[in-house]
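The values are calculated or read from the model by the stated rules, or taken from the named source; none is laboratory data. For clarity, every value in this text was computed on a predicted model and none was experimentally measured. In this analysis, Cβ positions are derived from the backbone assuming ideal geometry, glycine residues included, and neighbour counts consider all displayed protein chains. Side chains included, ligands, DNA and RNA excluded: accessible areas come from the protein's heavy atoms. Shrake-Rupley method; radii C 1.70, N 1.55, O 1.52, S 1.80 Å.
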Amino acid sequence: MTVKRFCDNLTVSSGILGEQLKFRNGKVAQNRFLKAALTERVSTYDPENPQKHGLPTEFILNLYDKWGHGKFGTILTGNVLVDPTNLESAGNAIIFKEGDGEERRALFSKWAKNMKQDGALAVVQLSHGGRQTPITVEPNPWSASDVKLSGERRFTAFGQPVPLSVEQIKTQVIDRFVYAAKFAYETGFDGVELHGAHGYLLAQFTSPTTNKRTDQYGGSIENRQRIILEIYDAIRAEIPVSTGFLVGIKTNSVEFQEQGTTVDDAKEMCQVYEDKGFDFVELSGGTYEKLAFHHMRDSTRNREAFFLEFAEKIRPVFKNTIVYLTGGFRTVKAMVEAIENGATQGIGLGRPITAEPDLPKKILEGSVASSIKNALDENDFGITNLASNTQMQQMGRNSYQQASENPTYGISNFSDEETVKRYREALVEYTVFMKTMASQNKPIHGVLVFEGIQQA
Ligand SMILES: Cc1cc2nc3c(=O)[nH]c(=O)nc-3n(C[C@H](O)[C@H](O)[C@H](O)COP(=O)(O)O)c2cc1C
């Protein structure tokens, strides 16, 4: 079955996207493409047994075997959690002292190796769930303050957060990020990205909506950002710039919430990242309270990238730090224009590359003009997110070799109406499952498994 695309006619050269990006620490990405972090949710889940909790599985190794043949400049893992109790979801991969051992190190080493097969840099996204941890995973997660997240995700509520004391900021957060960064360095990764966006713990500190502290970690932007800079310094004390190990951050360019991070705040924070020495900043936006993975403004609709106008405002602060922009890119034309106009240096891709793990390769060869156009509602992050996880599970069923070196082998074609109809039916059943799990106070581990009509 052939696929439908956003556009078929290539009207611009993709050449600029193939240019290298040189980071300030000397490391070089072979092109401008970034595989954005996409949580996998298929690592082991066994909180009672630290040695077996949050271990990457064969699905993950296979998944990155495919992306590792897709010609990315840089590949990020999905969020890898640094605290075994404060997860984004059951099934997250985790790096933590209590769970360290030969098996975990061997799996992470294999993961890094698979990512780097065709020259990409392999970077671990390190995160801490904080108050966005599902209540079924941890009823009392950590946060900057005691501001509970109302609402539900996957029909599951969130717990009552406990504000971290100054001492706990050091032991429960900074030390854990540093431990995980060192583990990533020692297992062969090229760097880490701190997840400072989308409302997770570090964003809970930077955003005035969730940080009500009156000590040195609250109040002014300088204070709200302090924890991130302390993590940076502590990582660099262990893994100096001279090692070539990258330290970057994903940050919100805007939060679209009353009292949330504004673009001016974000610009001020980015200036500090530039001055501090961060190798790269990935610009994104939104939180669980206000998701922003669709067009919030008509002005950006034609230019595709959701946060483009914010990136344009922030971009001038970056002199030595490389900037990536993620969210909404679908056509080669929009990607090329965003670079030519100076809004960004790198292009982050999320959902398009779960349908097509080798999309950068095809773009650089000039064989496609855009990503695949789903028959799903592109503005509905809920369903497109589930569908991406489903496609990732399908990708992870076999290795690149087992798939006869065809990275799209076995992936459902969601540009096909019939497949989408069947997926919606499967979703009805999965919804019952999710509701049942939530009502029994059980965490939802894994993703919606689906047998769909494959791409050609
Ligand atoms: C299935 C899925 C999982 C995601 N997991 C993460 C994650 O672990 N960390 C993160 O920073 N963003 C995550 N995101 C957000 C993406 O990195 C990206 O910012 C967002 O999807 C917008 O880009 P896109 O329009 O190219 O998909 C996820 C998105 C999807 C669809």
Residues being touching a Phe, Trp or Tyr at 6+ places or on another chain (Cβ under 6 Å) and within 13 Å of the ligand (Cβ to nearest atom): count how many of those fall in the range 397-424.
0
For the range 294-325, which positions are at pLDDT 70 or above, open to solvent by less than 70 Å² (accessible area, probe 1.4 Å) and within 15 Å of the ligand (Cβ to nearest atom)?
H294, E304, A305, F306, F307, L308, F310, A311, V323, Y324, L325
Just to be sure I understand, how many residues within the range 162-211 are assigned to a loop (DSSP other than H, G, I, E, B) and in contact with a His (Cβ under 7 Å, 6 or more places away or on another chain)?
1
Which residues, counting only those in the range 397-417, are closer than 20 Å to K373 by Cα and open to solvent by 90 Å² or more (accessible area, probe 1.4 Å)?
Y409, E417
Considering each of G342, G350, G366, G328 in turn, give the residue that is crowded, with 20+ Cβ neighbours inside 10 Å and on the phi > 0 side of the Ramachandran plot.
G328
Positions within the range 189-223 being among the hydroxyl-bearing types (S, T, Y), in contact (Cβ under 8 Å) with a residue 60 or more places away in the chain and surrounded by fewer than 22 Cβ atoms within 10 Å (Cβ to Cβ), in sequence order
T209, Y217
Confirm whether A334 is over 19 Å from the mean Cα position of the chain (by Cα), buried (at least 18 other Cβ atoms within 10 Å of the Cβ), touching a residue at least 12 places away in the same chain (Cβ under 8 Å) and more than 14 Å from the ligand (Cβ to nearest atom).
no
Could you list, in sequence order, the residues of the range 22-58 that are part of a strand (DSSP E or B), away from the ligand (no atom under 16 Å from the Cβ) and touching a Ser or Thr at 6+ places or on another chain (Cβ under 8 Å)?
A29
Could you please tell me which pairs satisfy a Cβ distance under 8 Å, a separation of 6+ or placement on different chains, a first residue in the range 97-111 that is farther than 21 Å from Q172 by Cβ, and a second residue that is acidic (D, E)?
R105/E186
Of the criteria (1) in a loop (DSSP other than H, G, I, E, B); (2) surrounded by fewer than 16 Cβ atoms within 10 Å (Cβ to Cβ), which one V447 fails
(2)
Cβ-Cβ distance below 6 Å, separation of 6 or more or different chains: which pairs start in the range 73-84 with a residue that is open to solvent by less than 10 Å² (accessible area, probe 1.4 Å) and end on one that is away from the ligand (no atom under 13 Å from the Cβ) and among the polar types (S, T, N, Q)?
G73/Q30; G73/N31
From the residues in the range 121-137 that are part of a strand (DSSP E or B) and either basic (K, R) or in contact with a helix residue (DSSP H, G or I) (Cβ under 7 Å, 6 or more places away or on another chain) (or both), which one is nearest to N79 (Cα to Cα)?
L126
Condition set touching a residue at least 60 places away in the same chain (Cβ under 8 Å) and within 11 Å of the ligand (Cβ to nearest atom), scope the range 352-378, selection nearest to E19 (Cα to Cα): answer is L359
Conditions (1) assigned to a helix (DSSP H, G or I); (2) open to solvent by less than 10 Å² (accessible area, probe 1.4 Å); (3) farther than 21 Å from K250 by Cα -> N62 fails only (2)
Tell me whether the range 143-161 contains one or more residues that are in a helix (DSSP H, G or I) and either open to solvent by 20 Å² or more (accessible area, probe 1.4 Å) or on the phi < 0 side of the Ramachandran plot (or both).
no
Show me the helices (runs of 4 or more DSSP H) found entirely inside the range 326-428 where at least 2 residues are acidic (D, E).
332-340
Being more than 16 Å from the ligand (Cβ to nearest atom) and within 28 Å of G328 (Cα to Cα) narrows it down to one of E186, E230, E258, so name that one.
E258
Which members of the range 300-331 meet the condition of being within 21 Å of the chain's Cα centre (by Cα), over 24 Å from C7 (Cα atoms) and in contact (Cβ under 8 Å) with a residue 40 or more places away in the chain?
F310, A311, I314, T321, I322, V323
Take the range 60-84 and flag every residue that is away from the ligand (no atom under 12 Å from the Cβ), in contact with a strand residue (DSSP E or B) (Cβ under 6 Å, 6 or more places away or on another chain) and over 22 Å from N398 (Cβ atoms).
G73, T74, V82, P84
